[in-house]
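The values are calculated or read from the model by the stated rules, or taken from the named source; none is laboratory data. In this text the structure is predicted, and so the values were computed from the model without any measurement. With ideal geometry, Cβ positions are generated from the backbone for all residues, glycine too; neighbour counts draw on all protein chains shown. Please note that ligands, DNA and RNA were not included when accessible areas were found on the heavy atoms of the full protein model with its side chains. Shrake-Rupley method; radii C 1.70, N 1.55, O 1.52, S 1.80 Å.
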Amino acid sequence: MGALSRQQFFQELPLGCLLPTAQQGLLQVWQLLIMCLACRLLWRIGRLPAYIKHLSTIACGFYTLYLFFGLHMVWVVLLSLLCYLILFLCRHSSTRGPFLSITVLIYLLLGELHMMDTNSWHKMRGSQMVVAMKAISLAFDLDKGTVENVPSPVEFMGYIYFVGTVIFGPWISFSSYREAVEGKELSVSWLVKVASSWIKSQLCLVISNCVAPYLFPYFIPVFGDKLLKNKKRRKNRGFVARLLMGYEHSMGFHFSNYFVSYLSETTTTLSGAGFTDEKDHLKWDLTMVNPLNVEFPRSVSEGVISWNLPMSQWLNIYVFKKALKFGTFQAILITYTTSTLLHGLSFHIAAVLLTLAFMTYIEYELRKRLSVILNACVLSKRCPSDCKHQNKKAFWVYFINGAFSVLAVLHLTYLSSVFGSSADDIDPDEDGMASHTFHKWSELNWTSHWLTFGLWVVYRIIM
Amino acid sequence: MWSGAMQFLALFTALKAACVLLLSSSISSSAAANSSGRWWGIVNVASSTNLLTNSKNVQLALDPSLALLSRRQRRLIRQNPGILHAIVAGLHTAIKECKWQFRNRRWNCPTSHTPTVFGKIINRGCRETAFVFAITSAGVTHAVARSCSEGSIESCTCDYRRRGPGGPDWHWGGCSDNVDFGRMFTREFVDSSERGRDLRYLINVHNNEAGRITVSSEMRQECKCHGMSGSCTIRTCWMRLPSFRTVGDLLKDRFDGASRVVYANKGSNRASHRADPRHLQPENPAHKLPSAQDLVYFEKSPNFCSYNSKMGTLGTSGRTCNSSSPALDGCELLCCGRGYKTRIEKITERCHCTFHWCCHVSCLNCTSTQTLHQCL
C-alpha cells in the first residue's frame, strides 16, 4: 500500500482518525461518568446513613466493573474478599501489612500463572492493581494506627469499589475515601476541575491515536518526504531513524497513559474524591500525572515519579520507606520488584522496571557524587531554594543538567518503545513478549543499557 | 412523476440545462438498446443544479435525477434517505480517479455533460469499459461506507458487528466504516441497471463486483490499547477504508492484467445465476479462470487515435504530450505517429515568497517560458 502524501494525509486525518477516536473515547466511558455523577449526587442529597452511601458506591462499582470486564470481574471480587478475610483473621496482630502483601502477591502470581487465560487477566490488571494497593495500604495504616480499627465489611468494600477509582485508579488512601463519603458541596471549582481533566484526557487520546504514530513522516518532516516513500525502507534505515520511530512509539504510549490518568482524574473528582482541605476551603487538586516532567524530565527518576504520582506516592510510603532499613540500593530494587509484581508478571514490564531500577540508582548516585565534587546543583532532584551548593546558576551547571535531561529522554524513549502502539502486534504469550522486547531493544543497539553501564563505570572512577 | 418533475423544473429558470438534459435522456433511453450505467447520469444533474445539497427536502431533490434511474434504484434511494449525496460524491471521486489514472494514455477517461457520462465506450466490451464499471462501483461503495460511519445516511450507522478479536464478549468494539452496507447497497443499486443474461451482462456485473471487492479487501483495522501501564482496559479500534487513490492504483493494475473472456456455453442456461463467474471462461483455454477481483473484457480496445463518432472515441489530436518520454505519454505514442506542434508559452507565477512575522507573505512575480507539445 502506498503511503499518502502529506496533503492527502491531513485531509484524511479529521474524518479518518480524529472523529472515530473522539467518538469512541466518549462512547466507552459515558456510562462510567454517569455512574460517578449519580453516586456523587446521591451522597449529596439528604442525610443518608453511612452504610447506604457505601452500598450505593459498591453497587455503582459493581455495575461499572461488569460493564468493562463482564463476568471476569469475579476475580476482582475474589481478591477483595480475600483481603477482607485476611484483615479480619489478623485483627489482633500487628503485622497485618506484610502478611496481607504476601497474600495479595501470591494471589496475583497464581492468577498470572494458572487461574485464567492471559488475555482477560491482563485486561483487568489495572483494577486488580488498584484493589491490591488499597488493601495493602489499609493494612499498613491499621498497623501504624492511622486507621484505628478494622472497618466494617460494607465500609471496606465501599473503599475498594469506590466508583471513581475502580476501573482506572488511582490509588486513594482510606482516609481520603472517608472524607469523600461525607459528600462535599458541589462547587464551580469542582466542575472546572472535572471539565478540564476530561478535556485534557480527550486531547491526549487523540494525540496518542492520531498524532503520535505519524509524528515524523507527517507532523515534523525531519527527513522530508523520504520516509513517506516506502514503509519497508524505514526498517533498514540508520540508527537515528530507528530512534525516531522508537520515539513515535513511546510518545503514543506516553499519551495513552496521560489519557488514562486524566480520565481517572475525571472520574475520581466527579465522584467526589481527590481534594485537599485548606482551612475552610476545598481545593480539588488531584494530580495523577505530570506530562511536562515526563516529556522533558530533569532526570529519569523524575520522569518515573511523574508517570503516575499516586502510585509513586504509594510505593514511596508503603514500600520504599519500609525497605530503607535494608540499604538504599536494596530498597530501590524491592520497590521496583513490588511494582513489577503489581503490574502483573509480564516480561516486558519486568524488564523495563528492573532496568529503571538500575538506571535511577546509578543516575542518583552519580549526580550526588558530582554535586559534591563540583559543589553544584546537579542532583537528580531539584535543589531546594536554601541548599548549600555554591554553584547554582552557572552556565556549566545548566549544561550538565541539560545533558542529563537529554539522556533521560533517550532512556525513556528506549524503554517505552517496547510497549507497542498497536494492540495487534502484541502477542499475549510470554515468549512472544520476551522476543518482542529483545527485538525492539536490539533494534536500538541496546543503547540505554550500554549508557547506563558507562555511567556506572564513570561513577566508580570518581567515587 | 414526469409531469411533476417538469412542473417543478419550470419554476427554476436557471435549470434550462437540466431540462434539456432530461429531454435528451428520454430520447436516449428509447434509443439506447441497453440501460447499462444509465444511473451515471445523475452526476451531471447533481452538478448542474444545486438541489442535492438540500438533503432535508429529499423528495424535492430527487425529482430531476429520478428520471435517469430505474424504478428499483428510485426505491432504494427513497428507502435510504441521505444516500443520494453519497452516490453522487462517490461518482465524482470515481471519475476524478479515472481521469488521473489515465491522464497519460490515449484514452484519458473523457466524460461529458450528457446523461451517458462516459460516452459510447460503455456499450463496448473492452478493457476501458471494464475499468469504468469497476471504478464507479468502487467509488460508490467507498462513499456509501464512509457516509455510514459519518452518520449521514439514516438507515445505517457505524458497523458494530465488527468487534475486536475477543469474540462476542469483547465489550468495546469500535466504530468502523460500514463497508458491508456499502457493498450490499452498491450491489443492489449498481447491478440493477444491468439487464439480460448475455456476455455483456455477465462481464459488467463481474467488473462491478471486482471494484467492490477491491474496496473491502483493502480495509484494515487499526487498534490501540489504553489502560494502566499498557493494560488493555479500553481498546479503540476502527476499520479504515483505503484512500481512494489506493483503490484506483489497484484497479489500474487489474486493468493492465485484465483477462479476455468468452461465454461458457455449458448445457442449459435456464438456471443461470446472476453474475456466476463460472459462466465466463478465458478466451485462451490455457489461461486460468479470472478471479473475482480481476477485470474481464471480451473485445479488443480501439486504438483511440482518431475521432470516430461510431465508436465514440475522441482521438488524441490537441492533447499535450511529453516529447522526451518514450512511454505512453510520449509524443510518439500518444500522437499515433502523426507528429506534434510545439508552442512556447509565457507563464507568470508567484515565486520567492517570504513569510513575515506576523502574518503576511510577500512574493515576486516570475515569468518563465514553457514549451508545450500538442498532438496534431
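Computing FRET efficiency as 1/(1 + (r/R0)^6) for A:GLU182 and A:LYS368, where r is the C-beta to C-beta distance and R0 is 41 Å, gives about 0.40.
Could you state the angle between the C-alpha long axis of helix A:239-270 and the longest principal axis of the C-alpha atoms of chain A, as a value from 0 to 90 degrees rounded to the nearest 10? Tilt of helix A:239-270: around 20 degrees. Averaging 1/r across all pairs of distinct Cα atoms in chain A and inverting the result yields a Kirkwood radius of 24.0 Å.
Label-to-label distance for A:TRP450 and A:VAL74 is 5.2 nm, based on points extended 7 Å past Cα in the beta-carbon direction. Compared with the dominant Cα axis of chain A, that is its longest principal axis, helix A:74-89 is turned about 60°. Please tell me which of these pairs span more than 27 angstrom C-alpha to C-alpha: A:LYS144/A:LYS193; A:LYS440/B:LYS224; A:LYS322/A:LYS368; A:LYS381/B:LYS224; A:LYS184/B:LYS224; A:LYS279/A:LYS388? As for pairs spanning more than 27 Å Cα to Cα, those are A:LYS144/A:LYS193; A:LYS381/B:LYS224; A:LYS184/B:LYS224; A:LYS279/A:LYS388. Rounded to the nearest 0.05, what FRET efficiency do A:VAL457 and B:SER155 have when you use their Cβ-Cβ distance and R0 = 60 Å? It comes to 0.30. For the pair A:SER175 and A:LEU18, label points projected 7 Å from Cα toward Cβ lie 4.6 nm apart. The value for the range A:290-462 of Rg(Cα) / (2.2 N^0.38 Å) is 1.09.
Apply the Kirkwood formula to the range A:47-183: the hydrodynamic radius equals the inverse of the mean of 1/r over all pairs of different alpha-carbon atoms; give it in Å with one decimal.
15.1
Taking the centroid of alpha carbons for each part, the range A:91-165 and the range A:15-59 are 23 Å apart. Can you compute the label reach from B:MET219? Point 7 Å from Cα along the Cβ direction, backbone N cut-off under 20 Å, restricted to the range B:124-148. Within reach of a label on B:MET219: B:134-148. Computed from Cα positions, the angle between helix A:50-69 and the longest principal axis of chain A comes to roughly 40 degrees. Here the label points at A:LEU105 and A:LEU81, each 7 Å from Cα along the C-beta direction, are separated by 2.6 nm in the simple model. When you filter the chymotrypsin sites (Phe, Trp or Tyr not before Pro) in the range A:251-304 for DSSP loop state and at most 14 other Cβ atoms inside 10 Å of their Cβ, nothing is left.
Annotation: per residue accessible area for the range A:322-463 equals 51 Å², rounded to a whole number [probe 1.4 Å, protein chains only]. Given a cut-off of under 8 Å on Cα pairs at least six residues apart, what relative contact order in percent is computed for the range A:47-183? Result for the range A:47-183 is 39 percent. Only alpha carbons enter this Debye calculation for the range B:316-375, each as an equal point scatterer, and the log10 of I(q)/I(0) it gives at q = 0.15, 0.19, 0.20, 0.29 Å⁻¹ is -0.58, -0.69, -0.72, -1.06.
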